[in-house]
1. Among DSSP beta bridges lying fully in segment B:173-318, give the percent that are antiparallel, nearest 5.
2. Using 7 Å Cα-to-Cβ label points, what is the B:Thr12/B:Ala187 separation (nm, one decimal)?
3. Per residue, how much accessible surface does segment A:64-156 expose to a 1.4 Å probe? Answer in Å², no decimals.
4. Each residue of segment B:277-290 in order: what ³J(HN,Hα) in whole Hz does its phi give by Karplus 6.51 cos²θ - 1.76 cosθ + 1.60, θ = phi - 60°, with x for Gly and Pro?
5. Rolling a 1.4 angstrom probe over the protein heavy atoms, how many square angstrom per residue are accessible across segment B:171-321?
6. Work out the length of the dipole vector of segment A:91-194 about its Cα centre, built from +1 on the beta-carbon of each Lys and Arg and -1 on the beta-carbon of each Asp and Glu, and round it to the nearest 20 debye.
7. Checking buried surface per residue: for segment B:106-120, which residues lose a minimum of 10 Å² accessible area in the protein assembly relative to the chain alone (1.4 Å probe)?
8. Each residue of segment B:160-174 in order: what ³J(HN,Hα) in whole Hz does its phi give by Karplus 6.51 cos²θ - 1.76 cosθ + 1.60, θ = phi - 60°, with x for Gly and Pro?
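The values are calculated or read from the model by the stated rules, or taken from the named source; none is laboratory data. Just so it is clear, the model here is predicted, and its values are computed rather than measured. Cβ placement follows ideal geometry from the backbone for every residue including glycine, while neighbour counts extend to all protein chains displayed. Quick note on the areas: whole protein, heavy atoms, side chains included, nothing else; ligands and nucleic acids left out. Shrake-Rupley method; radii C 1.70, N 1.55, O 1.52, S 1.80 Å.
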Protein chains: 2
Amino acid sequence: MSKLTLKSVAKTLGVSTATISNAFNRPDQLSVALRQKILQACHELGYFGPNKAAQSLRKGSSGIVAVILSDSLEYMVSDPVASQFLQGVSRELERHQLHLLLFSGQATNLEAISDFVDGFICYGAPRNTGLIEQLRHSRKRVLTVDFDLAGRPSVNIDNEQAAFDSAMAVLRPKDTVAVLGLRLIDAAGSQPVGDKPMWDNQSSIAHRRLDGYQRAMQQCGLTLAADYLWHIPESNQNYAREAARAVLAMSPRPTVLLCMSDLIGLSAMREALQLGLRIPQDIRVVGFDGIEETLRYHPTLTSVWQFSDQKGEAAVRAFLNPDDTTLQLPYELRLGESS
Amino acid sequence: MSKLTLKSVAKTLGVSTATISNAFNRPDQLSVALRQKILQACHELGYFGPNKAAQSLRKGSSGIVAVILSDSLEYMVSDPVASQFLQGVSRELERHQLHLLLFSGQATNLEAISDFVDGFICYGAPRNTGLIEQLRHSRKRVLTVDFDLAGRPSVNIDNEQAAFDSAMAVLRPKDTVAVLGLRLIDAAGSQPVGDKPMWDNQSSIAHRRLDGYQRAMQQCGLTLAADYLWHIPESNQNYAREAARAVLAMSPRPTVLLCMSDLIGLSAMREALQLGLRIPQDIRVVGFDGIEETLRYHPTLTSVWQFSDQKGEAAVRAFLNPDDTTLQLPYELRLGESS
DNA sequence: CTGTTAGCGCCTTCAG
DNA sequence: CTGAAGGCGCTAACAG
C-alpha cells in the first residue's frame, strides 16, 4: 500500500488529477455520475481527500480557526459562561465548514500552530502576556473578545454601562455596598483588594465593571469602603464562598453585594441564606453574565445577561467579516428576586 | 511589508536560502556569529522562522501530536486522573520539542486535522465510535491508552489483576459487597446495572476491573447480588454521591464498597461517615487510580495507584518508539485506613 | 560556508 | 473531461 496521493489515485483510477481534485473541491466541474464513481472508488482505496497540509500551502488557508482561551483549559471549560461561548463559536464555525482548534491561554508556542490556522479568536486577554505580543505581530487575522488589541477587530459588550445598570437596579440610599470582583489584582486567593496594585486597568473587563459600579454608587451618594472591595481569582464556588463568607462577617454587614459573575452571585446568596439572612429584605445581590442556573435557584438572581452563546456566534461572524469593525453587543438587565 | 518568506528574507539579507533555513534548523551548519546575525535580522524583520505548513509538507512531519480524549474536554479536564495524564504527556512532549494538540472524543472530523499532525495518542476509547473507525484506517501513528485497537501499540495497566488485588485487600468472609462501577452501561444517570446490556465488554477498562472484582469475590466465596452492582456515568461527585447514598440505604447494607475510581471512593466514604458509619469497622472502601486527595482525606483510601503522570510520559515514549510493542505499566496497591 | 536544484502534494489555468 | 505546467514555502543533497 503506497503513498496514496491525488496523483497516484488519479493514475490507478485512470483519470486526470484535475478530475480527482474537482471531485473533492468543485462538484460543478464534473458530472454527478463520474463524481460519485470517483468518490466511491477513493473511499474503497482508503483515500480520504487531498492532503490538507498541501492544500493549505497551495490555497493559503486551512479552514481551521484557533480559539485562544484566556486561561487554562481546566478553568475555562468548567466555567459555564466560557463553555456557552465556545458552543456558539463551534456552532457558527460548523455552519461555515470551518474547524475549531482550542488553544490554552497559558501556552507559549503560538508560532507552532500559527501557520496551520487561518487566524485567532481570543476569548479574554491571555493569562500569558507573551501571547499578546505574538498576537499583536501576527500576520493572521486576529479577533479579540472581552478585551482590545490595538488595530484588531473586537467583540464586546459595554461592561461599564452594564455594570452601572445592574448596580442602579439594586442600590438604595444608605446602603452598605460590597463588591465581589473577579481578578482585580494579581493574587492567588480571595482577599480584599486594599491598596495592592490593580491588575491591568486598561483592557480588563473587571475594571470596566468596577467603574460602572462606582459610577452608580456615586450617583446614589454612596461610597465603597476600603475593605468592601474583594478580589476573587477565579469564578468558582470555593473562592467565591470564601469571599462571600468574609464579607458577610464584616461590620457593618453589607446590604448589597455587587458580584462580577453569576457563579459568585449564587455562592453569595447561598452563604447569606445559610446565615439566616433574608433576600432581598436583609441583603440584595446582583450578578453578571446570565447563566441558566440562576433561573433554577431560589431566589432568582438579578443579573446582566450577555448571551454568551450568541456572543460566540457573533465573534465568528466578525472574524469572517473582512472589515475590521469592533462590535458592541447588546446585553439585558434581568430583574430577579434577589433585588 | 510583503510576504516574508524564507526566499524573500534570504534576498534582503543577501545570503542563500539554505543559510536561512540552516540558521533555524541546523545550527551546526554555519558559524555561531553568522547565525546570530541572521536570527537577529529576521527578528527585526518580523520573520519568525520557516512556514510550518510548508515545512511539514516537505519533511513529512509537523512536530505536533494529537491527544484524543475519550470524552468532552469539560469532563476530561476536570478529572484529576485525566489531567495528571495530560500533564505527563505534555511534559514528555516538550522534552522532545513536540507540540500537543488536544482533541475532543466527541469530535467527528478527524480528517480535518489528520494531515497536520504526526499521529494520535488516544486516552480511553473515544465516546464517538466513528472516530475509532477513522483511527483504525489512519496512516498516521496511533497509540492507544487504556484500551486496544487491533494492530496498534498501546499502553495500559493490568486492570483485571489490579482490581483483583485491591478487592483481595478488603474482602472478608461473609462480606456483603457492592460495586460502584464507572460507565458499565450506556445510561445517563447513576443506577443499578440490572440486566441492561453491558457497554462494550471487550476493550472497556471498567469491565476488566469488574472481572477482577468478580474473581476476587469468587475466591473468597462471595457473590455480587444483582442490585449491588451500580453504574456511574462519570467520575464526578454528584453522580458518585447519588449512587453511594442509594447503595448504603440497601438492606442488607454492604460491608464493602469496591469503587472504580478514587473520586467515587471518596464520595462513598463521605456518605458513609455522614450516616454515622465507622470506617473500616462498619464498612470498608477501596478505590482505584491513586490521586493526591485521597492522602489528605481521613480516613485515607486504600487504592490502586497507577501514576497517571508517568503513564502520560510512558505513552509519549511508546508513541515515539518505532516498534509497536504494547506496554504494560506497573501499578501499586497502597493500603489506607479505609480497609 | 554558499548557491543551485529537485521535489513534498496540491490547485488552477489553459489549450485541447 | 484531459494533460501539462507553474508555483505555494520549504529542505536536503550536492557541487563548489
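1. Restricted to segment B:173-318, the bridges split so that about 20 percent are antiparallel.
2. Placing both labels 7 Å along Cα→Cβ, they lie 6.6 nm apart.
3. I get 34 Å² per residue for this part.
4. Ordered by residue, 3J(HN,Hα) equals 6, 9, 10, x, 4, 8, 8, 10, 10, 10, x, 7, 2, x Hz.
5. Per residue, segment B:171-321 has an accessible area of 43 Å².
6. 20 debye
7. Buried by the other chains: B:Asn109, B:Glu111, B:Ala112, B:Ile113, B:Asp115, B:Phe116.
8. Once θ is set to phi - 60°, the couplings for segment B:160-174 become 5, 5, 5, 5, 4, 4, 5, 5, 4, 6, 10, 6, 10, x, 6 Hz.
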